[in-house]
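The values are calculated or read from the model by the stated rules, or taken from the named source; none is laboratory data. Just so it is clear, the structure is predicted and the values come from calculations on it, not from any experiment. Here the Cβ is made from the backbone with ideal geometry for all residues, glycine too, and neighbour counts use every protein chain on show. The accessibility values were calculated without ligands, DNA or RNA, using every heavy atom of the protein model including side chains. Shrake-Rupley method; radii C 1.70, N 1.55, O 1.52, S 1.80 Å.
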Amino acid sequence: MPFIRESIVTTLNADSSAHVAPLGVIVEPPWLVIAPFHPSTTLDNLRRHPFACVNYTTDVRVFAGCVTRRKRDWPVTAAERSRGWRLAGALAHTEVEIAEVVEDALRPRFRCRARHEAFHGFNRAQAAVLEAAILVSRLGMLPREKVEQELAYLAIAVGKTAGETEHEAWGWLMEAVSSAGIEPPRV
Ligand SMILES: Cc1cc2nc3c(=O)[nH]c(=O)nc-3n(C[C@H](O)[C@H](O)[C@H](O)COP(=O)(O)O)c2cc1C
């Protein structure tokens, strides 16, 4: 049964710099599937250079920083097996190459060959910040009440289990929520 691993995908820009983007990579053996919605820099990059690195990090600031566009230039280091980049601070990473593309007008699916497995860790605040990052990336699409209700619930896990890193990322997201005219919950 396929499942989604929330990841940071690094791809190669046309100028050879790194593009860093949070994506839910679908684990569908034997594939890792990257499914970016149109329009997307990740999508353009994968079409130009069929290589990516799927990076696993518990530093939720990378997710929050990218979706708020506050910080996208996270440190990267050269990939080993192909021209490209990987996230320097990741706990683990999988370099992948695109094997097949399932075309779709809205959301093409890039089926990738994976090289090695990942580390998984549990922390409720990290999961809560990820959920909040998804909400922030959809602020213009979701009803206000839904955003308020979900943030109120997620704030509980942040209050109980967040460390400094999670608080910082949560703060960035709540600033974006405030800018959208929504009162952030108290932590
Ligand atoms: C946890 C998480 C998972 C996401 N998963 C996806 C995804 O699977 N596909 C997608 O198009 N955007 C996803 N997004 C939103 C993208 O990160 C965001 O749109 C990003 O800017 C990608 O576009 P880009 O390639 O142009 O940078 C996700 C965001 C978060 C926080």
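Observations, loosely collected:
- The combined condition, being within 11 Å of the ligand (Cβ to nearest atom), touching a residue at least 40 places away in the same chain (Cβ under 8 Å) and over 30 Å from E175 (Cα atoms), is fulfilled by L46.
- Among the residues making up the stretch 16-43, those that are near the ligand (Cβ under 6 Å from one of its atoms) and small (G, A, S) are A21, G24, A35, S40.
- Scanning the stretch 89-98 for residues that are open to solvent by 40 Å² or more (accessible area, probe 1.4 Å) and not in a loop (DSSP other than H, G, I, E, B) turns up just one, E97.
- Filter pass, A169 being under 17 Å from the mean Cα position of the chain (by Cα), part of a loop (DSSP other than H, G, I, E, B) and surrounded by 15 or more Cβ atoms within 10 Å (Cβ to Cβ): no
- Residue pairs meeting the criteria (Cβ under 7 Å; at least 6 apart or on separate chains; first small (G, A, S), in the stretch 55-82; second part of a helix (DSSP H, G or I)): A64/V129; A64/A133; A64/A169; A64/W172; A64/L173; G65/W172
- Count of residues meeting criterion [open to solvent by 20 Å² or more (accessible area, probe 1.4 Å) and outside any loop (DSSP other than H, G, I, E, B)] in the stretch 27-59: 6
- Beta carbons closer than 8 Å, at least 6 apart along the sequence or on distinct chains, pair a first residue in the stretch 1-19 that is closer than 15 Å to C53 by Cβ and part of a strand (DSSP E or B) with a second that is near the ligand (Cβ under 8 Å from one of its atoms) and among the hydroxyl-bearing types (S, T, Y) for V9/T42; T11/T41; T11/T42; A18/T11; H19/T11; H19/T41; H19/T42.
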